[in-house]
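Student: Okay, here's the structure, questions in a sec.
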Amino acid sequence: MKFLIFLTGVTFLFSSCLSKHKEDEKGQTIVIDEINEQKLELPDITSQIKILSLETEADESIVGHIRDICCVDDMVYILDDITQSILVFNMNTGKFIKRVHSIGQGPNEYIHPIAISSCADNVYLLDISANRIICYDKHLNPVRTIRLSFASSDFIAFADGFYLYNISSVNLKKVVHLGKNGTVANSFISTSKNTTIDGTVDFTGNHFSIANNGTIYFVESLINRIFCINNKTNVTMQEVDFGKNNIPESFDVNSIGFSDIPYAFIAEFFALDNYNIISFLKNGKRYYSIFETSTGRQKTGIVTDHKCEIPFFPQWQLNNNILIGACYYQDIEANFDNIKDCFITDIEEDSFDDEASFLLFFNISFQK
């Protein structure tokens with residue numbers, strides 16, 4: 001059965017961010033109704049997939065669980081949730097370059113790193129426990145530390161400073177703009193009246209994404225709204241309407257796990273050169289709505305790969321039309337022969353072990 005997708009002004013959603021609006025001005029609504037389990041085959045939405053094997057020759061190069069990723073030039077920086085470390089690999093070869101593990105409360109040390117971001121030749125780490133951002137150069141030499149007056153669980157670096165997701169201060173709104181020196185320049189987006197969310201409940205992978213033109217987008221967990229920040233003072237809000245699958249105002253999202261929520265809610269948003277992607281969840285299943293901005297075409301469903309069983313779960317954006325996901329040894333081993341035939345990769349079956357991790361580079365493109 002097909003998804004019934006009613007799109008009102010989809011192109012307007014993304015082009016409107018180029019003009020000025022008052023804060024939280026509401027644009028036209030995207031309606032995604034009658035959610036059924038239509039399958040989208042991975043080859044139908046990608047023109048190329050590259051699988052990069054990350055080097056595991058040294059113990060310090062082993063990745064436990066990827067929390068966040070950012071890139072500078074041909075280097076990819078991985079924040080490992082298990083070891084609380086930043087690991088650097090060559091994006092073209094997978095060769096391990098460096099590891100930083102600086103747990104502590106001293107200068108240039110962190111307690112609980114929760115996100116990383118990059119801008120120009122710098123890499124930034126957000127420490128949720130110590131309320132600070134540590135700035136590194138691209139070789140991961142510490143440069144300076146920025147103290148925060150509030151707790152933040154996600155952020156993004158850009159040319160004029162940072163946007164952070166505020167989870168503690170009642171004196172600031174949800175998104176806080178910090179200047180390069182760490183002073184609060186502004187805050188945006190009032191708390192939603194539709195759903196009250198406990199600070200410990202968050203089903204959004206990355207709240208922020210940035211398009212190649214510098215436009216920054218913000219998604220808040222369970223609110224079903226995409227906010228476009230097109231300069232440092234104005235925000236445009238776009239609402240996604242799931243019809244009968246919207247979360248009711250009376251529903252307590254704090255008392256239930258995400259896999260049990262019977263309503264649809266946005267998990268992530270990506271703005272690519274030619275495509276915009278909304279990832280949303282319902283009953284623990286992940287769906288994707290992919291919009292081709294030049295034609296208005298869309299494809300929506302659960303993405304599968306029946307031939308190679310490669311998981312489609314991109315969580316980070318590289319550039320152009322490329323998204324980054326991750327997988328592990330078990331995902332590769334069972335279908336290695338098919339993977340070598342279908343994807344771009346230099347890996348050999350006897351060249352990796354059960355501790356190996358892989359990055360997946362998805363080049364998004366409609367093939368039919």
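The values are calculated or read from the model by the stated rules, or taken from the named source; none is laboratory data. None of the values given here were measured: they were computed from a predicted structure. Quick reminder, even Gly has a Cβ in these numbers, built from the backbone with ideal geometry, and neighbours come from all protein chains shown. Accessible surface is based on the protein model in full, side chains and every heavy atom, while ligands, DNA and RNA are left aside. Shrake-Rupley method; radii C 1.70, N 1.55, O 1.52, S 1.80 Å.
Student: Can you tell me which residue within the range 67-116, out of those that are within 19 Å of the chain's Cα centre (by Cα) and under 23 Å from Glu348 (Cβ atoms), is most open to solvent (accessible area, probe 1.4 Å)?
Tutor: Restricting to residues being within 19 Å of the chain's Cα centre (by Cα) and under 23 Å from Glu348 (Cβ atoms), the top hit is Met91.
Student: Could you tell me which numbered condition Gly64 fails, if it satisfies all but one of (1) among the small types (Gly, Ala, Ser); (2) touching an Asp or Glu at 6+ places or on another chain (Cβ under 7 Å); (3) crowded, with 21+ Cβ neighbours inside 10 Å?
Tutor: Result: Gly64 fails condition (3) only.
Student: Considering only the range 27-36, I want to know if a residue exists there that is open to solvent by less than 20 Å² (accessible area, probe 1.4 Å), at pLDDT 90 or above, touching a strand residue (DSSP E or B) at 6+ places or on another chain (Cβ under 7 Å) and closer than 30 Å to Lys307 by Cα.
Tutor: The answer is no; no qualifying residue exists.
Student: If we keep just the residues of the range 241-268 that are under 19 Å from the mean Cα position of the chain (by Cα) and open to solvent by less than 10 Å² (accessible area, probe 1.4 Å), which is farthest from Arg225 (Cα to Cα)?
Tutor: In this case the residue turns out to be Ala264.
Student: Considering only the range 336-351, I want to know if a residue exists there that is in contact with an Asp or Glu (Cβ under 6 Å, 6 or more places away or on another chain), open to solvent by less than 30 Å² (accessible area, probe 1.4 Å) and within 28 Å of Asp59 (Cα to Cα). Walk me through how you get there before you give the answer.
Tutor: As a first pass, look at the range 336-351 and keep what is in contact with an Asp or Glu (Cβ under 6 Å, 6 or more places away or on another chain): 336.
This time we only want the ones that are open to solvent by less than 30 Å² (accessible area, probe 1.4 Å), so: 336.
Next, only the ones that are within 28 Å of Asp59 (Cα to Cα) stay: 336.
Looking for residues that are in contact with an Asp or Glu (Cβ under 6 Å, 6 or more places away or on another chain), open to solvent by less than 30 Å² (accessible area, probe 1.4 Å) and within 28 Å of Asp59 (Cα to Cα), one finds at least one in the range 336-351, hence yes.
Student: Right, another one. Within the group Ser289, Ser259, which residue is of a type in the set (Ser, Thr, Tyr) and part of a strand (DSSP E or B)? Let's see the steps before the verdict.
Tutor: Numbers: Ser259 fails: part of a strand (DSSP E or B).
None of the other options fit; the residue is Ser289.
Student: Among the residues of the range 168-190, are any open to solvent by 20 Å² or more (accessible area, probe 1.4 Å), closer than 21 Å to Arg67 by Cβ and either in contact with a Phe, Trp or Tyr (Cβ under 7 Å, 6 or more places away or on another chain) or not in a loop (DSSP other than H, G, I, E, B) (or both)?
Tutor: yes
Student: Could you tell me whether Gly205 is part of a loop (DSSP other than H, G, I, E, B), at pLDDT below 95, farther than 27 Å from Ser279 by Cα and open to solvent by less than 60 Å² (accessible area, probe 1.4 Å)?
Tutor: It is false that Gly205 is part of a loop (DSSP other than H, G, I, E, B), at pLDDT below 95, farther than 27 Å from Ser279 by Cα and open to solvent by less than 60 Å² (accessible area, probe 1.4 Å).
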